[in-house]
Every structure is written in structure tokens, then in C-alpha cells.
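So the structure is just underneath, and the comments pick up after that.
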There are 2 protein chains.
Amino acid sequence: MATGTGARLNASTVPPPRIVLVEPQLGENIGAAARAMANCGLSDLMLVQPREEWPNPRARTMAAGATAVVDAARLAEDVPGAVADLHRVYATTARPRELAARVLTPRAAAAEMRAATARGERCGVLFGCERSGLTNDDVTHAQAVITVPLDTAYTSLNLAQAVLLVGYEWHLAGDDTPAESLEVGGQPPAAQDEVEAMLAHLVGELDAADYFRADHMRPTIVQNLRALLRRARPTEQEVRSLHGVVSALALGRQSRRRTNV
Amino acid sequence: MATGTGARLNASTVPPPRIVLVEPQLGENIGAAARAMANCGLSDLMLVQPREEWPNPRARTMAAGATAVVDAARLAEDVPGAVADLHRVYATTARPRELAARVLTPRAAAAEMRAATARGERCGVLFGCERSGLTNDDVTHAQAVITVPLDTAYTSLNLAQAVLLVGYEWHLAGDDTPAESLEVGGQPPAAQDEVEAMLAHLVGELDAADYFRADHMRPTIVQNLRALLRRARPTEQEVRSLHGVVSALALGRQSRRRTNV
């Protein structure tokens with residue numbers, strides 16, 4: 001059943017979008033969709049006329065750690081009932097329809113839903129049954145269509161994957177994970193001078209080993225080694241390891257020399 | 001086995017990234033991953049020590065329309081062998097490691113891979129086994145790590161879903177689907193003047209029905225009706241339908257009047 005309408009436009013209490021599965025065939029697929037929802041911070045699951053009886057133990061099993069989403073799922077008699085209290089509804093379709101509709105990518109729809117939610121509008125997304133998708137009649141209850149851009153040679157997505165891609169874009173549209181970060185496993189990155197000291201140690205040992213046979217090549221080789229070390233952005237621990245590696249090589253060479261003499 | 005190295009940096013023949021599944025446990029999951037690859041235009045699948053024998057009929061069954069990816073999959077003895085001919089390797093991980101590494105979102109990694117491929121570099125992405133993911137040793141063969149930003153309360157993704165999200169971002173990074181388009185089911189959108197003529201028809205009948213009781217409200221109501229029609233962006237066919245709807249209502253009223261007189 002749809003929730004009561006309550007205070008209709010109160011942005012502070014607006015939940016993430018509702019996921020509406022229309023006539024889903026298999027409990028396993030409902031569970032997998034619930035799991036994808038949990039991955040993306042979604043929790044409002046509405047089922048319109050599921051083919052198998054509900055509650056469905058196979059849905060709970062497949063949901064793994066996301067059983068809370070399955071347990072809180074609600075049933076609706078039809079699509080209008082499932083979306084009655086929403087302000088903005090999207091219909092996912094894999095193929096063009098005979099209906100005129102705005103067609104959005106999941107990314108564009110996610111941006112719209114984030115903006116709408118911030119204004120206090122409640123949103124939802126309809127997903128059709130595994131075999132045949134939404135009917136045209138279902139689609140007419142939506143303000144716009146979402147079609148996932150996929151390789152044109154193979155556009156068939158299973159239900160949970162479709163939910164995942166729509167949910168993923170919703171999640172990312174509100175996520176501030178940096179595009180790139182440096183993970184150092186608890187180790188602080190080395191300061192510039194620590195790397196420079198290690199390089200000096202290495203170059204000193206190379207000098208001692210007569211590595212730079214042609215003097216004019218020495219500056220270029222040192223530059224190249226420095227650039228390589230800078231690009232790798234070593235941690236303090238790694239710089240200590242490299243000191244040890246250089247010392248071990250130099251010491252080994254001295255031992256060999258002593259032995260050979 | 002890894003392919004021969006051939007001409008190493010020839011941008012015109014560089015394939016999309018290789019997907020490397022390291023010690024995948026179940027054939028079904030390999031098939032589902034192959035399906036996700038096909039969705040995203042990927043076809044180069046390498047399996048490192050799959051737990052079940054290969055070829056695996058369950059992988060073919062699960063791959064549905066993407067059996068070509070399964071049939072072309074190659075086996076490698078170990079991770080170095082699986083990536084030997086590549087120039088750039090990413091390792092997918094769900095959790096931080098004790099290793100220092102660049103950590104990228106799938107979107108940032110996709111942009112990097114597109115740029116690298118355009119330069120003639122061959123790329124690949126490592127995915128660990130379903131239960132425990134990649135080992136730290138596997139990760140050291142990669143230039144960078146990919147971690148999918150998900151809801152922190154539930155970050156567990158199955159293998160095929162991880163492949164799907166990385167492949168989806170790769171596909172989108174080279175895709176030119178407009179964020180929004182208008183689908184009209186083969187029907188051309190109505191021109192401005194066709195909508196205006198329909199509005200004039202409607203307003204004329206409203207005048208005849210004495211709808212605008214207060215003259216000063218008429219301009220505002222007409223503006224609101226025009227804005228609603230413009231926002232809906234009707235097709236030519238829909239404009240014809242609306243003409244018919246207005247005529248039917250007007251005619252019905254006239255019939256009733258005649259009957260009532």
C-alpha cells in the first residue's frame with residue numbers, strides 16, 4: 001500500500017527515491033535488486049503484483065546483508081497505487097516506445113532526482129518484469145523515461161543490474177569521493193627531503209661503484225632516477241626500505257671484492 | 001595464455017580493456033561477468049586459475065546472449081601472465097590495503113583508460129575471487145586501484161556487478177548518448193503554430209461555453225494553458241487528438257443543450 005501523503009513538500013524529511021518493481025517474476029531477483037539498493041543507500045522498495053507469494057524466503061536469501069530492505073518492502077495493487085504519494089516518477093525502458101517521452105540517461109535522471117529531492121519532492125523509479133519490461137500503460141504514469149546507454153549489440157540487463165546502475169548514479173550524484181586519492185596503508189608519505197636523501201645515498205654508492213663512466217651522462221641519469229622516485233610517491237617506510245636495498249647491494253659488492261682479492 | 005606483444009603502441013588497433021578474473025569460483029559468475037562485459041562493449045576476458053574446470057557449461061548458460069565472450073575467454077597461469085602484454089593495469093578492491101596505491105573511482109579510471117587507449121596503450125582490470133577479492137600480491141601488479149564509491153553501510157558487490165560498474169563507466173566515457181532526448185515514437189513533434197492553433201480552438205470553445213466569467217482572468221488562464229501545453233511538447237498526432245477532444249466536449253455540450261431545450 002502507498003504511504004499517506006502527509007506534509008507533501010518538506011525537503012528535510014524527503015527520502016531517497018522509491019524503487020518500484022512491477023510484476024517481478026522471481027524472489028531471487030527481488031533479493032538481488034534489494035542488495036543493489038543497499039549498495040546505493042536506497043531502502044524504499046515497493047512491489048506491484050509479484051508473481052510469487054510474498055514474503056518470499058528466496059528473496060531474503062539472495063539479499064544477503066540487505067535483508068532489511070526486503071523485510072521493509074511493501075506491496076501495491078497497481079502502478080498508480082505504488083506511486084500515488086510521489087511527485088516525480090521515472091520509467092526504465094531498454095527500447096523505444098510508441099509513446100512520446102523525455103528520455104534521460106541514468107546520470108541525468110539522478111541529477112534531476114537530487115535536485116527534486118532537495119526541493120522536497122518525492123521521487124520513484126519503475127522497473128518492469130524480467131521478461132518483458134514495463135507496459136506502455138505503466139510508462140504513461142511516469143514524467144520521463146530512463147534508458148541506460150549500453151553497447152547497442154547487447155542491451156539486455158537483468159533486473160538487479162538495472163536497479164544497480166540507476167541506484168549507482170543516484171548515489172554518486174550525492175557522493176563526494178575524490179576521483180583520485182592516495183592510499184598509503186597507514187604509512188605517511190615521505191617528505192621531499194627524505195626522498196632526496198635516499199637519492200643522494202643511491203647516487204653516492206653508484207659513484208663508488210664507478211657506474212657513471214661518462215661524466216656528461218651523470219646529471220641526466222640522476223634526473224631520471226629522481227623523476228621515477230617522485231612519480232612513485234613513496235611512503236616513509238618505502239624510503240627506509242630503499243636505503244636498506246642500496247646498502248645491501250653496496251655491502252654485497254664490498255664483500256665480494258674482499259673475497260675476490 | 002597471454003597474447004604475443006606484437007606492435008606495442010599502435011593506437012589504431014588497441015582493443016578495449018581486458019577483464020581479468022583472478023581465481024573465480026563459480027562458472028555462473030564468470031557467465032554473468034561476460035554478460036556485463038557484452039553490455040559495455042568489452043570482449044577480452046582472461047581467467048586466472050578458475051576453481052572449476054574450463055570450458056564450463058554453466059558459464060555459457062548464464063552468459064545468455066553473450067556466449068561469444070565466454071567462448072573467446074583465455075586462461076592464464078597467474079596474474080603476471082594475464083597482464084604481460086598490457087601497459088596499464090588496475091586492481092579493483094572494496095577495502096583499503098596495507099599497500100600504498102593511487103585509488104581511483106571507476107569514472108576517473110575510465111577516463112584514464114580512454115586516454116591511454118587513444119595513445120596506443122593496452123589496459124586491463126583485475127577482479128578478485130567472489131569470497132575474498134584480490135590478494136595484496138595481485139594488487140602490486142597494478143599501477144592503480146579502483147574502488148567503487150558505494151553506501152558505506154553496504155559495500156559488498158558481487159563479481160558481475162563489479163564488472164558491470166567498471167565496464168559501464170568505460171562505455172559511457174566513450175559514449176555520446178545525449179543526457180536528455182525526446183522520444184516521439186515515430187511521430188514528429190508539433191510545430192509551435194500547430195499547438196497555438198489547438199490552443200485557439202480550445203479557448204474559442206471555452207469562450208462559447210462562457211468559461212471566462214471574469215474577463216480580467218482570461219489572459220492569465222490562457223497563459224497557463226499555453227505553458228502547460230508547451231511544457232508537454234506534444235506531437236502532431238497528440239495535437240490532432242486534442243482538437244478531437246475539444247470538439248467532442250463542445251459537441252456533447254451542444255447536443256445536451258439541444259436535448260434539454
Legend entry - In Hz, Karplus ³J(HN,Hα) per residue of the stretch B:197-210 (6.51, -1.76, 1.60; θ = phi - 60°; x = Gly, Pro): 5, 5, 5, 4, 4, 4, 5, x, 5, 5, 4, 4, 8, 6
Legend entry - Nearest-ten-degree value, helix B:218-232 long axis tilted from longest Cα axis of chain B: 30 degrees
Legend entry - Equivalent ellipsoid dimensions for the stretch A:11-107 as semi-axes, Å, which come from the Cα gyration tensor, largest first: 23, 17, 14
Legend entry - 1.4 Å probe, heavy atoms, protein only - residues of the stretch B:36-50 losing at least 30 Å² accessible area vs chain alone: B:ALA38, B:ASN39
Legend entry - Pseudo-label separations to other copies for B:PRO178 - Cα-to-Cβ vector, 7 Å, nm: 3.7
Inset, instruction - Summarise the partner chain shielding of B:183-195 as one whole number: the mean count of Cβ atoms from other chains within 10 Å of each residue's Cβ. - result: 3
Inset, instruction - Just need the relative contact order of the stretch B:192-260 here, percent rounded to a whole number, with Cα pairs under 8 Å and 6+ apart. - result: 51 percent
Legend entry - B:ILE221 accessible area, assembled protein chains, probe 1.4 Å, Å²: 40 Å²
Inset, instruction - Before anything else, pin down the relative contact order of the stretch B:18-173: Cα pairs under 8 Å, at least 6 apart, normalised by residue count, whole percent. - result: 32 percent
Legend entry - Relative contact order computed over chain B (Cα-Cα under 8 Å; 6+ residues apart), in percent: 21 percent
Inset, instruction - Could you order peptides A:27-33, B:238-244 by the average number of other Cβ atoms within 10 Å of their residues, highest first? - result: A:27-33, B:238-244
Inset, instruction - Please give the average number of partner chain Cβ atoms lying within 10 Å of the Cβ of each residue in A:141-151, rounded to a whole number. - result: 4
Inset, instruction - Enter the mean number of other protein chain beta carbons within 10 Å of the beta carbon of each residue in A:152-158, as an integer. - result: 6
Inset, instruction - In nm to one decimal, list the spacings between the A:ALA94 label point and its equivalents in the other copies, with label points set 7 Å along Cα to Cβ, shortest first. - result: 2.6
Inset, instruction - Taking the dipole about the Cα centre of the stretch A:192-260, with the C-beta of Lys and Arg at +1 and of Asp and Glu at -1, give me whichever of A:ALA214, A:LEU202, A:HIS243 is farthest to the positive side. - result: A:ALA214
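Ignoring ligands, DNA and RNA and using a 1.4 Å probe, state the total buried accessible area between B and A in Å², rounded to the nearest 100. Provide the component values of the computation, followed by the final result.
Details: alone 15030 and 15100 Å², together 25880 Å².
Chains B and A together bury approximately 4200 Å².
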Inset, instruction - Sort shortest first the distances from B:GLN49 to its counterpart in every other copy, using label points 7 Å along the Cα-to-beta-carbon line, and give them in nm. - result: 5.2
Legend entry - Gaussian network model of chain B, springs between alpha carbon atoms under 10 Å - residue of B:GLU98, B:GLU183, B:GLU130 with greatest fluctuation: B:GLU183
Inset, instruction - Once you've got the GNM for chain B with C-alpha springs shorter than 10 Å, pick whichever of B:ALA160, B:ALA144, B:ALA209 has the biggest mean-square fluctuation. - result: B:ALA209
Legend entry - Volume per residue that the Cα convex hull of the stretch B:18-173 spans, once the total is divided by residue count, Å³: 104 Å³
Inset, instruction - Compute the long axis of helix B:106-118 from its Cα atoms, compare it with the longest principal axis of the Cα atoms of chain B, and write down the angle in degrees, 0 to 90, nearest 10. - result: 70 degrees
Legend entry - Viscosity 1.306 mPa s, temperature 10 °C, Stokes-Einstein D of chain A from Kirkwood C-alpha radius, µm²/s: 70 µm²/s
Inset, instruction - Give the angle, between 0 and 90 degrees and rounded to the nearest 10, that separates the Cα long axis of helix A:27-39 from the longest principal axis of the Cα atoms of chain A. - result: 50 degrees
Legend entry - Intensity falloff of the protein assembly as shown expressed as log10 I(q)/I(0), Debye formula with alpha-carbon point scatterers, at q = 0.06 Å⁻¹: -0.42
Legend entry - Estimated dipole of chain A in Debye, rounded to 20 [Cβ of Lys and Arg +1, of Asp and Glu -1, Cα centre]: 700 debye
Legend entry - Heavy-atom SASA rank of B:TYR154, A:TYR168 (probe 1.4 Å, accessible area, largest first): B:TYR154, A:TYR168
Inset, instruction - Select from B:SER247, B:SER156, B:SER43 the residue whose mean-square fluctuation is largest in a Gaussian network model of chain B (Cα-Cα springs shorter than 10 Å). - result: B:SER247
Inset, instruction - For the stretch B:192-260, give the percent of accessible area contributed by carbon and sulfur heavy atoms, probe 1.4 Å, rounded to a whole number. - result: 56 percent
Inset, instruction - Send over the per residue convex hull volume for the stretch B:169-254, Cα only, as a whole number of Å³. - result: 125 Å³
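The values are calculated or read from the model by the stated rules, or taken from the named source; none is laboratory data. Everything quoted here is computed from the prediction, not taken from an experiment. We place every Cβ from the backbone using ideal geometry, glycine too, and count neighbours over all the protein chains shown. The accessibility values were calculated without ligands, DNA or RNA, using every heavy atom of the protein model including side chains. Shrake-Rupley method; radii C 1.70, N 1.55, O 1.52, S 1.80 Å.
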